[in-house]
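The values are calculated or read from the model by the stated rules, or taken from the named source; none is laboratory data. Since the structure is predicted, the reported quantities are computational estimates derived from the model, not experimental observations. Quick reminder, even Gly has a Cβ in these numbers, built from the backbone with ideal geometry, and neighbours come from all protein chains shown. Areas reflect the complete protein model, heavy atoms only, side chains present, ligands, DNA and RNA absent. Shrake-Rupley method; radii C 1.70, N 1.55, O 1.52, S 1.80 Å.
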Amino acid sequence: MKTLILGAGYAGLAAATKMKPTPGLEALLVEQNAYHTFETRLHEAAAHNTPVTLPLAPLLRGTGVHLEQAQVENVDVDAKEVTLKDGRVLTYDTLVVGLGSVTNFYRIPGLAENAAELKQLSDADEIFNFVNRAYSSDYAGNRDIVVGGAGLTGVELVTELAQRAEVLSRERGLPPFQIYLVEAGPKILPVLDDALRQKAENTLREYGIHILVGHRLMSATADSVTVQTQGGEQKVIPAGKIIWTGGIQARDIVRGERLEKGPGGRIAVDEFLRAKNYPDVFVIGDMGLALNQDGKPVPTTAQHAGQQGRLTGKNLIRLAKGEELQPYEPTTLGEFVSLGGLMAVGWMKLPWNQKLAITGGLAHVMKRASEWRWRVSID
Ligand SMILES: Cc1cc2nc3c(=O)[nH]c(=O)nc-3n(C[C@H](O)[C@H](O)[C@H](O)COP(=O)(O)OP(=O)(O)OC[C@H]3O[C@@H](n4cnc5c(N)ncnc54)[C@H](O)[C@@H]3O)c2cc1C
């Protein structure tokens, strides 16, 4: 059985590292980078240049999976062909697609052209370089930063940037740059309950971050954004750097006449995470539209991508051995949002579907523990 795994993110790498050399199973992992990116820590790289990648080759030892560093250009699930950017065409018996998501700029005028994103290492480098440049002695431009989107990524980024600004201001004797967090919805961090959200909001205010909820980002230029309040009033916010974290959509790379796509372009999958109408194609992580026990879409998170990847790796071995596939049963073990340094808020799941709210240093430890669990699971 010739198997291709596309993407070595949380989903694809989890699938690959759960595999073992199995008679009749030939597996190739295709990834554009020679490393895995801890996407959940990109905000730390953006603010502090923290290392957030891990070389792939050592992680695949003992799995029987070979690595092909190449960029996928197109996937045709009717022809069962994967075309690479260098023109080569790969064929497969079984395909696993885990190519993640891209930023959705919602066609807001000027946004895609003028805003940085936070989806890959080069984005984090761009932000880190701006902050350094902004504090150099010969910088005369605007140093303020506007971040659009107050979900997990936006909030984690602004708190980390605020910490960095404090340090740089002290070191260089310059006032910290202003940070504006712009959100069209009525609240930050909609995934959290009110008490935890309030704690997060208080922390942001202590950092001096300007929280503009109920402000829709209408357009962007190279050096400003225009926002509109719910009452229709428009304001221009000048900015040295604009960063958009306000939405994602599935990477649009898979073609198939009978593919079913849902919100955000995610590909609908069955209980075994196979694309509907294509039983030889597994779609996992941010690209797949798996449903939970209540029939609701599973969130696009690293936690769920990892669960889906681990199950799929084991299912590929079952498939090669002619055994029955195990169905996907999503569980959300908790959710933690880091708020810079040793501060975080979140909750963990308790028996009988109870949630335990945790804040401060302990929440930070829980967040780090989940990152460590991931690190250990791929070794
Ligand atoms: C700043 C930030 C913080 C986050 N924090 C959390 C958190 O705390 N908890 C949480 O659960 N989730 C968090 N997330 C979300 C989480 O990172 C994603 O849900 C997760 O990365 C999705 O996993 P994936 O495997 O589907 O895609 P990815 O991890 O994005 O992996 C996709 C892989 O495919 C590769 N690839 C893409 N296109 C091609 C191509 N054409 N050819 C070859 N290779 C390609 C990429 O290089 C990448 O390695 C955060 C995201 C961000 C940006």
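Give the shape of the stretch 139-203 as rounded, prolate or oblate, defined through the alpha-carbon gyration tensor: a ≥ b ≥ c are the square roots of its eigenvalues, a/c under 1.5 means rounded, and otherwise the shape is prolate if a/b is larger than b/c and oblate if not.
Details: a/c = 3.34, a/b = 1.95, b/c = 1.72.
Prolate.
Would you compute, for the Cα atoms of the stretch 230-379, the largest minus smallest coordinate along each principal axis and list the three values in descending order, in whole Å?
Here the spans come out as 57, 39, 31 Å, largest first.
Around Asn33, under 13 Å between beta carbons, what's the net of Lys plus Arg minus Asp minus Glu among the other residues? Kindly include the intermediate steps, with their values, before the conclusion.
Values: positive: Lys119; negative: Glu31, Glu39, Glu68.
Neighbour charge sum, excluding Asn33 itself: -2.
Over the stretch 201-254, what lengths in whole Å, largest first, do the semi-axes of the equivalent ellipsoid take, defined as the square roots of 5 times the eigenvalues of the alpha-carbon gyration tensor?
Numbers: eigenvalues 106, 59, 37 Å².
In descending order, the three semi-axes are 23, 17, 14 Å.
If exposed GluC sites (Glu not before Pro) are those in a DSSP loop with at most 14 other Cβ within 10 Å, what is the longest stretch of the chain that has none? Display every interim value, and only then the final one.
On the way: sites that count: Glu233, Glu257, Glu260, Glu271, Glu323, Glu324.
Between the exposed loop sites, the longest stretch runs 1-232.
What does the charge add up to near Arg216, with Lys and Arg as +1, Asp and Glu as -1, over the other residues with Cβ less than 15 Å from its Cβ?
Working: positive: Arg107, Lys187, Lys235; negative: Glu183, Glu233.
Net of charged neighbours comes to +1.
Give, in nm to one decimal, the length gained when the segment between Asn353 and Leu54 is fully stretched (0.36 nm per residue of separation minus the Cα-Cα distance). Mind showing how you got there, number by number?
Numbers: separation 299, 0.36 × 299 = 107.64 nm, distance 3.46 nm.
Contour length minus Cα-Cα distance gives 104.2 nm.
Over the Cα atoms of the stretch 41-81, what radius of gyration and what Dmax do you get, in Å?
In Å, with Rg to one decimal and Dmax whole: 16.1, 45.
Percent of Cα-Cα pairs per 10 Å bin, from 0 to the last occupied bin, for the stretch 235-315, please list those.
That works out to 17, 46, 20, 10, 7, 0, in percent per bin.
Measuring from the lowest to the highest alpha carbon on each principal axis, how far does the stretch 111-244 reach, largest first, in angstroms?
Dimensions of the stretch 111-244 along the principal axes of its Cα atoms: 41, 30, 28 Å.
Mind pulling up the Rg/Rh value for the chain? Radius of gyration and Kirkwood radius, both on Cα. List each step's numbers first, then the result.
On the way: Rg = 21.5 Å, Rh = 21.9 Å.
Taking Rg over the Kirkwood Rh, I get 0.99.
Rounded to whole Å, give me the distance from the Cα center of the stretch 10-71 to that of the stretch 244-297.
21
For every other residue with a beta carbon closer than 14 angstrom to the beta carbon of Val365, add +1 if it is Lys or Arg and -1 if Asp or Glu, then tell me the sum. Could the numbers behind the result be given before it?
Values: positive: Lys367, Arg368, Arg373; negative: Glu371.
Value of the local net charge: +2.
Can you give the extra length, in nm with one decimal, that the chain gains between Asp280 and Ala369 once fully stretched, where that is 0.36 nm per residue apart less the Cα-Cα distance?
Working: separation 89, 0.36 × 89 = 32.04 nm, distance 3.50 nm.
28.5 nm is the gain from fully extending Asp280 to Ala369.
Viscosity 1.306 mPa s, temperature 10 °C: give me the Stokes-Einstein translational D for the stretch 116-177 in µm²/s, with Rh taken as the Kirkwood radius over C-alpha pairs. List each step's numbers first, then the result.
Working: Rh = 12.3 Å.
Answer from the Stokes-Einstein relation: 129 µm²/s.
Which lysines does Lys187 reach when only Cα atoms under 28 Å apart count, and residues fewer than 8 places away in its own chain are ignored?
Lys119, Lys199, Lys235, Lys241, Lys296, Lys349, Lys355, Lys367
Of all accessible surface on the stretch 111-244 at a 1.4 Å probe, what whole percent is carbon and sulfur?
Values: 2840 of 6050 Å².
For the stretch 111-244, the apolar C and S fraction of the accessible surface comes to 47 percent.
Grab every C-alpha pair in the stretch 43-198, bin the distances at 5 angstrom width from 0 up to the longest one, and report whole percents.
Final binned percentages: 1, 7, 12, 15, 14, 13, 11, 10, 8, 5, 2, 1, 0.
Only Cα pairs under 8 Å and at least 6 apart count here; give the relative contact order of the chain as a rounded whole percent. Let's see the in-between values first.
Values: 820 pairs, mean separation 73.4, N = 379.
Relative contact order, the chain: 19 percent.
What percent do you get for the relative contact order of the stretch 111-244 when only Cα pairs under 8 Å and 6+ apart count?
On the way: 221 pairs, mean separation 42.8, N = 134.
About 32 percent, as a whole number.
I need to check one value: relative contact order of the stretch 286-364, counting alpha carbon pairs closer than 8 Å and at least 6 residues apart, in percent. Please report the intermediate quantities before stating the final value.
Values: 88 pairs, mean separation 15.0, N = 79.
This gives 19 percent for the stretch 286-364.
Could you work out the helix-only [θ] at 222 nm for the chain, with each DSSP H run of four or more residues adding -39,500 (n - 2.57) and the total divided by the number of residues, to the nearest 500 deg cm²/dmol?
Values: 8 runs with 103 residues, N = 379.
Per the formula, -8500 deg cm²/dmol.
Can you list the trypsin sites (Lys or Arg not before Pro) in the stretch 1-65 that are in a DSSP coil and have 13 or fewer other beta carbons within 10 angstrom? Don't jump to the answer; show the numbers that get you there.
On the way: sites: Lys2, Lys18, Arg41, Arg61; in loops: Lys18, Arg61.
Those satisfying the criteria are Arg61.
Beyond 14 Å, how much of the Cα-Cα pair distribution for the stretch 1-85 remains, as a whole percent? Kindly include the intermediate steps, with their values, before the conclusion.
On the way: 2337 of 3570 pairs.
Cα-Cα pairs in the stretch 1-85 separated by more than 14 Å: 65 percent.
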